[in-house]
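Undergrad: Structure in structure tokens, see below.
The values are calculated or read from the model by the stated rules, or taken from the named source; none is laboratory data. Every value quoted in this text rests on a predicted model; they were computed, and no experiment measured them. Side chains are part of the model used for accessible areas, which takes the heavy atoms of the whole protein and leaves out ligands, DNA and RNA. Shrake-Rupley method; radii C 1.70, N 1.55, O 1.52, S 1.80 Å.
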Amino acid sequence: MSGSTKTMSGLTIGALVVTTAYTVALGSNGWLWFGWVVLGLVTIGMAATRDT
């Protein structure tokens, strides 16, 4: 994995922690989870294109 892919993976994990904490503290927000899923898909796409 390249440096940018590692950074994106770290950002995705951090966003998951923040989204989960928000959900626990204030209740679920569909837009936050949608954003996290999109971020995760972009990260997976980056990893797939960098590895080939």
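Undergrad: Within the chain, what whole-number % of the accessible surface is contributed by carbon and sulfur, with the 1.4 Å probe and all protein chains included in the calculation?
TA: 75 percent
Undergrad: Also, quick follow-up: When only Cα pairs under 8 Å and 6 or more residues apart are kept, what is the percent relative contact order across the chain?
TA: Rounded, it is 58 percent for the chain.
Undergrad: So, for the chain, what is the accessible surface per residue at a probe of 1.4 Å, expressed in square angstrom?
TA: That works out to 70 Å² per residue.
Undergrad: Just to be sure I understand, if you calculate semi-axes √(5λ) of the Cα gyration tensor in Å for this structure, which of (1) 50, 7, 4; (2) 20, 13, 7; (3) 25, 11, 5 do you get?
TA: Read-out taken from this structure: (3).
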